[in-house]
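*Asks:* A single structure is presented below for examination.
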Amino acid sequence: MLKIKDLRVSVEDTEILKGVNLEIKPGEVHAIMGPNGSGKSTLGFVLAGKDDYEVTSGSIEYMGQDLLELDPDERAREGIFLGFQYPVEIPGVSNSNFLKMIINSIRKARGQEELDALQMLKLLKEKIAALSMDVSMLKRSLNDGFSGGEKKRNEILQMAVLEPKLAVLDETDSGLDIDALKVVSDGVNSMRSSDRGFLVITHYQRLLNYIVPDYVHVLIDGKIVKSGDKSLALELEERGYDWIKPEGSTVPA
Amino acid sequence: MSKYHIEIPSHFSELFGRLENSLNGQSDKPYHRLRKKGSELLMKQGFPSTRNEDYKYTALNRVFNEKYEIPESGKISAQGKTAIESIKKITQGESSLCFVNGIYQAEFSSLNLEGVQLIQLSQLEENSSKLRDVLEKIDETISHTDNPFIRLNTSLCRDPLLLFVERGVKIDTPIQLIHYYETENSSLIASPQLIIMAEESSEISLLETHLSSSSRNNTCKVFSNVFQRMLVGKNARIKHHKIQELNKEDFLIHNLIASQEKDSHFYAITADLGSRITRNNLEVHLKDSNTWTEMFGLFASNGQQHIDNQTFLDHAKPHCESREWYKGVLGGRSRGVFNGKVLVRQDAQKTNAFQQNNTLLISDNARMDSKPQLEIYADDVKCSHGATIGYMDSEVMFYLKSRGLDEQQAGELIKIAFLAEVFESVENESIRNLIAEKVIVKLRTIYES
Amino acid sequence: MSDSMQTLEQHTKSEYKYGWTSDIEMDMIPKGLNEEVVKMISAKKNEPEWLLNWRLEAFEIWKQMKEPDWAKLNINPIDYQDIIYYAAPKKQKKLNSLDEADPELIKTFERLGIPLQEQKVMAGVAVDAVIDSVSVTTTFKKKLGELGIIFCSFSEAVQEHPELVREYIGSVVPRNDNYFAALNSAVFSDGSFCYIPKGVRCPMELSTYFRINAANTGQFERTLIVAEDDSYVSYLEGCTAPMRDENQLHAAVVEIYAKDRAFVKYSTVQNWYPGDKDGKGGVYNFVTKRGLCAGYQSRISWTQVETGSAITWKYPSCVLKGDHSKGEFYSIAVTNNHQQADTGTKMIHLGKNTKSTIISKGISAGFSHNTYRGLVKIGKKATNAHNFSECDSLLMGDRCGAHTFPYIEIENQTAKVEHEATTSKIGADQLFYCTQRGLSDEDAINLIVNGYCKEVFNELPMEFAVEAQKLLEISLEGSVG
């Protein structure tokens, strides 16, 4: 469903991704690991279409179309979901209102009927319970004053209601204690299916104990330098990134 | 003359002529052209009235009505000498420039720093490029300023000083600017003018003090009208500290214009503890990107004191950051004014400007007027300002008392802690301690009526 | 320019949707202003002599005054002799029901969405509609009358309740208060009058709709609200004007007098014609609004949504004279294209334990300028006064300006005054986050702007809030950046 070919990306004239190749098929869970500053988050932002990330060469094909041609909202409606490392706070916009808007906007795009208030509430309550969240979060402003854990759960909640085809989760584990990590991982695992792909971006192997990947890629200095199965993650945990660093790389481990 | 100004009183307009006559043949020197121009422009412009927005809360009639003499150079009392010597000790006396009644006193001054030149403008060759540069800067300022006191200063200044810091020279020890005022039988107007050029990647620190002699006829007043122009070069840094402890009948109008080049840093702090009326006009112009500006002020006043801080920060270029914080404690019948304006021009994208004014009123008859202003024409900016005015927090008071402090101790602690947030920004330890010490002494004299 | 910027820009380039003119036959007096005109207006309204004299004195005061020049506004000079000071729909006979009204007029109201018809009356809004200079109809009068509430046009009040008008007119905004208040006092043509007796809670929202229709006319209406002890009223005001090339002048005066424990809530949605996208035409809106919290524990709350007018000069204020009285100001001011707004409030604390709250949200787009100007004054005797002010500005586009000029004057040491202000643009991160979840740029912007204004919308009566939100979206359509 996703084919990234020789992707090069610059931000403000600094090249961050220096030729990334990656293919994800439906039903697969891929993990991208790498030290800080290696370009992991950039990959997520480029897939979601953020401004300021300039693709200088290469291509991204998604479900048979050129992803780079689409605006961020079009990509979202085509089924790409990015779980943010730092979810944005929007004061004055209630969480429930926001959830209603995004759900109906995506349903509309898929040709599904929009949900009315009752159906919406039912859906939200169900998903909220599954994530051990408090219903009162619906009334609060979007992410405004949320704790780190609450924000991450809110991201997973949005993923759950939007039912994306490809979910990119950027450092979803950062700032979570072990209980929250389990809840979040359960949320993700319950969504694993044969027609949905996942790209899990993480710095630590810990998350991959809970969300077991099919493939693990190591991104260093803007390139995927090694790929393997879940055992690669364990090896990285044990040995760090140094042994795998390409010759001449300047990136600190 | 606009309706926002009043005519210059004749006892002021006469001063220029009197100075001109006393110059003994120096009136054909190049600087005299600027004195003349300053005087002419001042006559045309007039003094500001309270109808002028920037003087809405500060009536200067008391300053304008007084009849002043122009100080003679060269005389200092024994008492004055002792006072100056004791101030010098603050920085071990290494580098200090002394001014008596606004006039530079070479024999009491010393400056032996490699790469730093102190030049009296009158000593420069008439065709030297340095003189041309300086005159140009002053000319530009008096022509374009809307501040009549800069014009007044220029018209009455005997001999401006130029402090020139060479490229790459970094001086950590503060250079002292000691202003001492004394008079016996008449009121005086002091008009010191100082131009500082900090060349690329240079760094200096200044400690400016204003003190007037304690023994004098009470009907005599000193009006010090200072003008300083600071040019902060590329990647250069100027730290300016000022402590003002004038007599309770004296006036200070302190005019400082700084301009900053790329990557430069300008830091200014003023601690106003004395004087009847103080008006600080601080203007900073950001000429290029990536600059960092800090403006701090504290004041503690009682009796009939009136302390007015006016600041203007001109964000003209992108990626500049500024921080401004003024705090005051007002007792007695004193009045405080803060009027801070931050202008963010259209090109100044990514500006980050913060402005804050907090005041404690500790007397029923004190009054504070605060006008923090933002004028913004660029959209990608982060600007915020805030102002609070209030009394000491009764819960904090209660907490301190419950720990055994009495009312006065607790009050002092709160007031000092309140002002400490400002003077703790001073990096130099001896200056920080000096300000703290003076603030503590001053606060003890401020009572609640 | 980024994509989102472009969308924002398109988003704010929309047309004024209320800009039609009505073919209603008008009774107009000649252009110009002199003593005769003042007398003519007074005579047309069949006013008692005291009121004529009151007007003539105001005219004398006005002649001595100069136009204020301190606001941050660029104003084309106004020729006060080129304005028609009185224009009224010709059918002036008393109407017993709406059926007798000029059908053109009814159509006008319908297009305005004014709930004059029965089914809308059911919604519980009593309406006084003022077209150009005179009040055309007041609904719901009978039901209000049963409670002793007087809600009628100003002219009617002059005829029916002269003692009340005489007692309170000019008591909050004196004739010499400012240039435009003096002008209004001399030539005001109509407006609304509202009196809530002791202990009465007005059971419905009272609403006035103002519309300028005839060309070259100024509108000078006057509103007077008197709330007796323990009374309550919520009052709404809406404004529109047709599109015209020349500038039209609107100089209104609103006075509110609140006695012990009375609470008056005054909401405005101002949508006068803002001029075209090049800044041609539009209404000059110079309004003096002031409430006097005269009584113990009295409370006055101003809420305004200002989206229209080429120029807005307006500072709804509260004089907090009664001990424990409370003043509030909630404002959203949106400027686009070449609009200029200089607006804010004055909170004058005179009584003990008085409180005031100021929440101001400015949004500037296009080439517009939006200034918050406010005064918080704590008088010497106002012990334990509290004020909290929050003034936020949002910039959309790099050719507009947002300015914050608060004046804080404190003469009492027990005062607690806090002012906070921020200026920012819609965060690119916020926009990206919303679009990543599938919202279009427009929807994302509306969502964020509405969130930003929420504190103020919350203060508006329900129906008004919905209208105000729509208005906000229309005003910014095509530009947000």
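The values are calculated or read from the model by the stated rules, or taken from the named source; none is laboratory data. For clarity, every value in this text was computed on a predicted model and none was experimentally measured. Heads up, the Cβs are rebuilt from the backbone with ideal geometry, glycines too, and the neighbour counts pull from every protein chain shown.
*Asks:* Exactly one condition in (1) in contact with a strand residue (DSSP E or B) (Cβ under 9 Å, 6 or more places away or on another chain); (2) more than 11 Å from chain B (Cβ to nearest Cβ) is not met by residue C:352; state its number.
*Replies:* (1)
*Asks:* When you scan the range B:77-85, do you find a residue that is assigned to a helix (DSSP H, G or I), over 25 Å from residue B:16 (Cβ atoms), touching a Phe, Trp or Tyr at 6+ places or on another chain (Cβ under 9 Å) and basic (Lys, Arg), even just one?
*Replies:* yes
*Asks:* Using the structure shown, decide if residue A:132 is modelled with pLDDT of 85 or more, surrounded by fewer than 15 Cβ atoms within 10 Å (Cβ to Cβ) and of a type in the set (Gly, Ala, Ser).
*Replies:* No: the conditions fail for residue A:132.
*Asks:* When you go through (1) at pLDDT below 90; (2) more than 24 Å from residue B:172 (Cα to Cα); (3) over 23 Å from the mean Cα position of the chain (by Cα) one by one for residue B:92, which number turns out not to apply?
*Replies:* That leaves (2) as the condition not met.
*Asks:* Same structure again: Within the bounds of the range C:457-464, is there any residue that is of a type outside the set (Phe, Trp, Tyr) and either assigned to a strand (DSSP E or B) or within 10 Å of chain A (Cβ to nearest Cβ) (or both)?
*Replies:* Scanning the range C:457-464 turns up at least one residue that is of a type outside the set (Phe, Trp, Tyr) and either assigned to a strand (DSSP E or B) or within 10 Å of chain A (Cβ to nearest Cβ) (or both).
*Asks:* Still on this model: When residues of the range A:187-221 are filtered for being modelled with pLDDT under 90 and charged (D, E, K, R), how many remain?
*Replies:* Residues in the range A:187-221 being modelled with pLDDT under 90 and charged (D, E, K, R): 1 in total.
Residue-wise test of (1) under 30 Å from residue B:361 (Cβ atoms); (2) touching a residue at least 24 places away in the same chain (Cβ under 8 Å); (3) in contact with a strand residue (DSSP E or B) (Cβ under 9 Å, 6 or more places away or on another chain).
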{"position": "C:358", "(1), (2), (3)": "yes, yes, yes"}
{"position": "C:374", "(1), (2), (3)": "yes, yes, yes"}
{"position": "C:377", "(1), (2), (3)": "yes, yes, yes"}
{"position": "C:386", "(1), (2), (3)": "yes, yes, yes"}
{"position": "C:395", "(1), (2), (3)": "no, yes, yes"}
{"position": "C:401", "(1), (2), (3)": "no, yes, yes"}
{"position": "C:421", "(1), (2), (3)": "yes, yes, yes"}
{"position": "C:430", "(1), (2), (3)": "no, no, yes"}
{"position": "C:433", "(1), (2), (3)": "no, no, yes"}
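*Asks:* Here are some conditions: (1) at pLDDT 90 or above; (2) surrounded by fewer than 24 Cβ atoms within 10 Å (Cβ to Cβ); (3) over 18 Å from the mean Cα position of the chain (by Cα). Residue C:227 meets all but one. Which one does it not meet?
*Replies:* (2)
*Asks:* In the range B:294-305, how many are buried (at least 24 other Cβ atoms within 10 Å of the Cβ) and more than 19 Å from residue B:431 (Cβ to Cβ)?
*Replies:* Of the residues in that region, 2 qualify.
*Asks:* Let me ask another. Is there a residue in the range B:389-399 that is in a strand (DSSP E or B) and touching a Gly at 6+ places or on another chain (Cβ under 8 Å)?
*Replies:* no
*Asks:* Another question, then. Mind checking which residues of the range B:53-80 are basic (Lys, Arg) and surrounded by 15 or more Cβ atoms within 10 Å (Cβ to Cβ)?
*Replies:* Hits for the range B:53-80 are B:56, B:62.
*Asks:* What are the residues in the range B:326-382 that are within 7 Å of another protein chain (Cβ to nearest Cβ), assigned to a loop (DSSP other than H, G, I, E, B) and among the acidic types (Asp, Glu), if any?
*Replies:* The answer is B:364, B:379, B:380.
*Asks:* Name every residue in the range B:335-369 that is among the small types (Gly, Ala, Ser) and modelled with pLDDT of 95 or more, in order of residue number.
*Replies:* Residue satisfying the conditions is B:336 alone.
*Asks:* Name the residues in the range B:332-363 that are in contact with an Asp or Glu (Cβ under 8 Å, 6 or more places away or on another chain), charged (D, E, K, R) and over 16 Å from residue B:321 (Cα atoms), would you?
*Replies:* Selection gives B:335 alone.
*Asks:* Looking at the range B:33-52, which of its residues are surrounded by fewer than 15 Cβ atoms within 10 Å (Cβ to Cβ) and either aliphatic (A, V, I, L, M) or in a helix (DSSP H, G or I) (or both)?
*Replies:* B:33, B:40, B:44
*Asks:* Return yes or no: is residue A:96 of a type in the set (Ser, Thr, Tyr) and over 21 Å from the mean Cα position of the chain (by Cα)?
*Replies:* When the stated conditions are applied, residue A:96 passes them.
*Asks:* Hey, any hits in the range C:407-427 for a residue that's facing chain A (nearest Cβ under 9 Å) and not aromatic (Phe, Trp, Tyr)?
*Replies:* The answer is yes, given that some residue of the range C:407-427 is facing chain A (nearest Cβ under 9 Å) and not aromatic (Phe, Trp, Tyr).
*Asks:* If you go through the range A:152-170 one residue at a time, how many are of a type in the set (D, E, K, R) and surrounded by 21 or more Cβ atoms within 10 Å (Cβ to Cβ)?
*Replies:* 4
*Asks:* Residue check: is residue B:261 under 21 Å from residue B:98 (Cα atoms), touching a residue at least 24 places away in the same chain (Cβ under 8 Å) and among the acidic types (Asp, Glu)?
*Replies:* Taking the combined requirement at face value, the residue does not satisfy it.
*Asks:* Conditions first: (1) within 7 Å of another protein chain (Cβ to nearest Cβ); (2) touching a Ser or Thr at 6+ places or on another chain (Cβ under 6 Å); (3) not in a loop (DSSP other than H, G, I, E, B). Residue C:471 passes all but one, so which condition is the exception?
*Replies:* If we test residue C:471 against (1) within 7 Å of another protein chain (Cβ to nearest Cβ); (2) touching a Ser or Thr at 6+ places or on another chain (Cβ under 6 Å); (3) not in a loop (DSSP other than H, G, I, E, B), just (1) comes out false.
*Asks:* Mind checking whether some residue in the range A:178-186 is surrounded by fewer than 16 Cβ atoms within 10 Å (Cβ to Cβ) and either touching a helix residue (DSSP H, G or I) at 6+ places or on another chain (Cβ under 6 Å) or among the acidic types (Asp, Glu) (or both)?
*Replies:* Taking every residue of the range A:178-186 in turn, at least one turns out to be surrounded by fewer than 16 Cβ atoms within 10 Å (Cβ to Cβ) and either touching a helix residue (DSSP H, G or I) at 6+ places or on another chain (Cβ under 6 Å) or among the acidic types (Asp, Glu) (or both).
*Asks:* While we're on this one: List pairs: first residue in the range C:151-163 and touching a residue at least 24 places away in the same chain (Cβ under 8 Å), second residue in a helix (DSSP H, G or I) anywhere in the structure, Cβ distance under 6 angstrom, at least six positions apart or on different chains.
*Replies:* As it stands, the answer is C:151/C:144; C:157/C:165; C:158/C:165, since those pairs meet every condition given.
*Asks:* Taking the criterion of being buried (at least 19 other Cβ atoms within 10 Å of the Cβ) and either of a type in the set (Gly, Ala, Ser) or closer than 30 Å to residue C:456 by Cβ (or both), would at least one residue in the range A:51-63 satisfy it?
*Replies:* Taking every residue of the range A:51-63 in turn, none turns out to be buried (at least 19 other Cβ atoms within 10 Å of the Cβ) and either of a type in the set (Gly, Ala, Ser) or closer than 30 Å to residue C:456 by Cβ (or both).
*Asks:* Further question: Among the residues of the range C:434-448, is any surrounded by fewer than 21 Cβ atoms within 10 Å (Cβ to Cβ), within 8 Å of chain A (Cβ to nearest Cβ) and either at pLDDT 90 or above or not in a loop (DSSP other than H, G, I, E, B) (or both)?
*Replies:* Yes, the range C:434-448 contains at least one residue that is surrounded by fewer than 21 Cβ atoms within 10 Å (Cβ to Cβ), within 8 Å of chain A (Cβ to nearest Cβ) and either at pLDDT 90 or above or not in a loop (DSSP other than H, G, I, E, B) (or both).
*Asks:* Tell me yes or no: at least one residue of the range B:83-101 is of a type in the set (S, T, N, Q) and in contact with a helix residue (DSSP H, G or I) (Cβ under 6 Å, 6 or more places away or on another chain).
*Replies:* Yes, the range B:83-101 has at least one match.
*Asks:* Consider the range C:358-393. How many of its residues are among the hydrophobic types (A, V, I, L, M, F, W, C), surrounded by fewer than 24 Cβ atoms within 10 Å (Cβ to Cβ) and within 9 Å of chain B (Cβ to nearest Cβ)?
*Replies:* So the count comes out to 0.
*Asks:* When you look at residue B:419, is it within 21 Å of residue B:446 (Cβ to Cβ), away from chain C (no Cβ under 14 Å), touching a residue at least 60 places away in the same chain (Cβ under 8 Å) and not in a loop (DSSP other than H, G, I, E, B), yes or no?
*Replies:* Taking the combined requirement at face value, the residue satisfies it.
*Asks:* Conditions first: (1) more than 14 Å from chain C (Cβ to nearest Cβ); (2) surrounded by 14 or more Cβ atoms within 10 Å (Cβ to Cβ); (3) part of a loop (DSSP other than H, G, I, E, B). Residue B:427 passes all but one, so which condition is the exception?
*Replies:* (2)
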